[in-house]
Amino acid sequence: MHGMINRALQGFLVDTYGRDVWEEVCSVAQLRFADFEAMLRYDDKVTFDCFEAATEILHKQPNALLEDLGTFLITHEPFAPLKRLLRFGGATFSDFILSLDEMADRGRMAMPDIEMPDIEVIPLDENRFRLRAIWRLPGVGPILLGALRAMADDYGALATLSLDGIEGHRECIRIDVFDTAHSEGNAFVLAEVPA
Amino acid sequence: MKMHAAARDAVVEMPEHVLDRLLPMHLRVDADGIIRHVGPTAAKLAGDVAFVGRPLLEVFTIRRPSGVETFDVLLRASDLRLGLSLKAAEHMPFRGVLMHLPGEAGAIVNLSLGLSFARAVAEFSLTLSDFSATDQTVDLLYLNEARTSTTRLSEHLTRRLQDAHDTAQHQARTDVLTGLSNRRAMDAELDHLMASRNQSFSLMHLDLDLFKQVNDTYGHAAGDAVLTEIGKILDQELRRNDFPARMGGDEFLIILRPAQSDAVITRVARRIIRRIEEPIRIGGVEVRISASIGVASTPDYLRRPPLAQLMADVDEALYTAKRNGRGQISIFKPQLE
């Protein structure tokens, strides 16, 4: 798994639960280093072991922890560039949801070897969508759920999102958008004048 | 001919909102060169004074092709790639193409932000909905930003790898106990000196006297403490240009560069021995040792000797010093034929 993804998991655990918990995770997962390196690659098993260690140490349901991770990816200030890149997907939350089937290609444009989830977007009608997502590791559903809820907030949209079962290996999400301009949301400026 | 006329009519009658969606950065100019209609994104470039009703060449400077002063000349550049900029924002070059419409219908000019896209999007506060669905400017902005982020990460990694590399290299060349260079570093330094033929140097081989007794009587920890002390003494007594190294056990090799006269070498060696002979306190006990020193200098040879020869001669000098008793110095003199 790409270092960026491992680094994000580490960042989430350190920032949310503290360095002590992270050190415990390292020891339970038997990591031979203290920090993931964003620009290196690691075996998928390392990522999986770290996550499993975290659920044990924190006594958390895997899905709850994954959803928190998804929220963190969007709301954590140092990851603002990632959120910005996602906002390029569309002017409204609904446009953004429709652009998710391009997300894997967009991700690869930024980083050719990063493992992006493959997302199928099925519009049920103008305001209702179903996503079918698949990734290298199981758990992409709850991560997306947390991340997309945070994106809805960022767009100022009123929407409900829920896990909607698993089809084959594809984890599904149901999205109902009630209002794309429910609140102000955060402004998105395409390009800023350099200071 | 009939077909042609039909096609012409189709263009002329194209509803404005269709062109606005397809080409949001287009301008429609009449036969006299006056702007008659502006696409919604192009309108955002106008700022305070709207474009409509003004002559095209009053609003834009045509940079390419050069020498376009009148609208009639510009019409001849139909179908060519244009380089142009707003008179109100000369620093922001646009790319464009003008198509001369048949008859007296004037022309359509379509603009693109060209390579100044990032600055232009910021300066004119353009948004996602200002670009048509087929325009890849937004993808360019996305890529531009993604590249900036990943480059920053790469630079960060490179810097940390460089630091780790430097540390590892330093550790690989340092004797842990004394903080002096180790045998590996000395070998590299000697190879380097031998390769640069015009650098003269003196080589000093220092061997501790009575060190074995310290180890045997007080244990290895005491021996280590003595070696640490020797490291400090050599560090203090030598000049910055000189190069002391612990070669292993109680053996030290020192490069003095450039080579020194016998008088200077003797003075330096005596000073080192005197310091080593000062009692060293370790825990509750006082330890007394001494050192013997053998020396060879490259200028003493007629021709630069090979390294193996020089090392053998320094060793011989050390044995001579040892044979003469404790705390002695011996300088090797080659047989000059």
>> Here are the criteria: (1) of a type in the set (Ser, Thr, Tyr); (2) within 23 Å of B:Leu193 (Cβ to Cβ); (3) at pLDDT 95 or above; (4) touching a Ser or Thr at 6+ places or on another chain (Cβ under 9 Å). Tell me which single one B:Ser292 does not satisfy.
In response: (2)
>> Residues that are at pLDDT below 90 and open to solvent by less than 10 Å² (accessible area, probe 1.4 Å): list the strands (runs of 3 or more DSSP E) wholly contained in segment B:33-108 that include at least 2 such residues.
In response: none
>> Taking the condition of being out of contact with any Leu (no Cβ under 8 Å at 6 or more places or on another chain) and open to solvent by less than 50 Å² (accessible area, probe 1.4 Å), how many residues in segment A:93-102 meet it?
In response: 3
> Hey, among B:Arg281, B:Arg288, which residue is of a type in the set (Lys, Arg), closer than 23 Å to B:Leu238 by Cβ and over 47 Å from the mean Cα position of the chain (by Cα)?
Replying inline: B:Arg288
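Limited to segment A:117-138, what total is found for residues that are surrounded by 19 or more Cβ atoms within 10 Å (Cβ to Cβ), in a loop (DSSP other than H, G, I, E, B) and of a type in the set (A, V, I, L, M)?
Residues flagged as surrounded by 19 or more Cβ atoms within 10 Å (Cβ to Cβ), in a loop (DSSP other than H, G, I, E, B) and of a type in the set (A, V, I, L, M) within segment A:117-138 amount to 0.
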> What are the residues in segment B:139-157 that are closer than 21 Å to A:Ser94 by Cα and more than 7 Å from every other protein chain (Cβ to nearest Cβ), if any?
Replying inline: B:Asp139
> Which residues, taken from segment B:238-280, are open to solvent by less than 30 Å² (accessible area, probe 1.4 Å) and acidic (Asp, Glu)?
Replying inline: B:Asp242
>> Looking at the structure I just gave you, is A:Gly89 surrounded by 16 or more Cβ atoms within 10 Å (Cβ to Cβ), assigned by TED's automatic domain parsing to the domain that holds A:Ala159, out of contact with any strand residue (DSSP E or B) (no Cβ under 8 Å at 6 or more places or on another chain) and assigned to a loop (DSSP other than H, G, I, E, B)?
In response: yes
> With B:Asp235, B:Asp262 as the choices, which residue is more than 22 Å from B:Lys333 (Cβ to Cβ) and not hydrophobic (A, V, I, L, M, F, W, C)?
Replying inline: B:Asp235
> What number of residues within segment B:272-314 are among the basic types (Lys, Arg) and over 12 Å from B:Gly327 (Cβ atoms)?
Replying inline: 3
> Is it true that A:Ile119 is under 14 Å from the mean Cα position of the chain (by Cα) and within 11 Å of chain B (Cβ to nearest Cβ)?
Replying inline: no
>> If B:Leu141 satisfies all but one of (1) surrounded by 15 or more Cβ atoms within 10 Å (Cβ to Cβ); (2) in the same structural domain as B:Ala43 (by TED's automatic domain parsing), what's the number of the condition it fails?
In response: (2)
> Which members of segment A:12-39 meet the condition of being open to solvent by less than 30 Å² (accessible area, probe 1.4 Å), more than 11 Å from A:Ala53 (Cβ to Cβ) and more than 13 Å from chain B (Cβ to nearest Cβ)?
Replying inline: A:Phe12, A:Gly18
> Quick check: anything in segment A:125-137 in contact with a His (Cβ under 7 Å, 6 or more places away or on another chain) and either of a type in the set (Lys, Arg) or modelled with pLDDT of 90 or more (or both)?
Replying inline: yes
>> Would you confirm, using the coordinates I've provided, whether A:Lys83 is open to solvent by 60 Å² or more (accessible area, probe 1.4 Å) and either more than 16 Å from A:Ala8 (Cβ to Cβ) or within 14 Å of another protein chain (Cβ to nearest Cβ) (or both)?
In response: no
> For B:Arg271, all conditions in the list (1) modelled with pLDDT of 95 or more; (2) under 41 Å from the mean Cα position of the chain (by Cα); (3) farther than 26 Å from B:Asp191 by Cβ hold save one; what is the number of the exception?
Replying inline: (2)
> in contact (Cβ under 8 Å) with a residue 40 or more places away in the chain, assigned by TED's automatic domain parsing to the domain that holds B:Leu206, surrounded by 15 or more Cβ atoms within 10 Å (Cβ to Cβ) and of a type in the set (Val, Ile, Thr): does that describe B:Val295?
Replying inline: yes
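Being over 52 Å from the mean Cα position of the chain (by Cα) and surrounded by 17 or more Cβ atoms within 10 Å (Cβ to Cβ) is the filter here; which residues of segment B:13-29 pass it?
Once the filter is applied, which keeps residues that are over 52 Å from the mean Cα position of the chain (by Cα) and surrounded by 17 or more Cβ atoms within 10 Å (Cβ to Cβ), segment B:13-29 yields only B:Val29.
Quick one: in segment B:113-138, of everything that is open to solvent by less than 50 Å² (accessible area, probe 1.4 Å) and in contact with a strand residue (DSSP E or B) (Cβ under 7 Å, 6 or more places away or on another chain), which residue is nearest to the other protein chains (Cβ to nearest Cβ)?
B:Ala120
The values are calculated or read from the model by the stated rules, or taken from the named source; none is laboratory data. Everything quoted here is computed from the prediction, not taken from an experiment. Cβ sites come from the backbone with ideal geometry, for glycine too, and all protein chains shown count toward neighbours. In case anyone asks, the SASA skips ligands and DNA or RNA and just uses the protein heavy atoms, side chains included. Shrake-Rupley method; radii C 1.70, N 1.55, O 1.52, S 1.80 Å.
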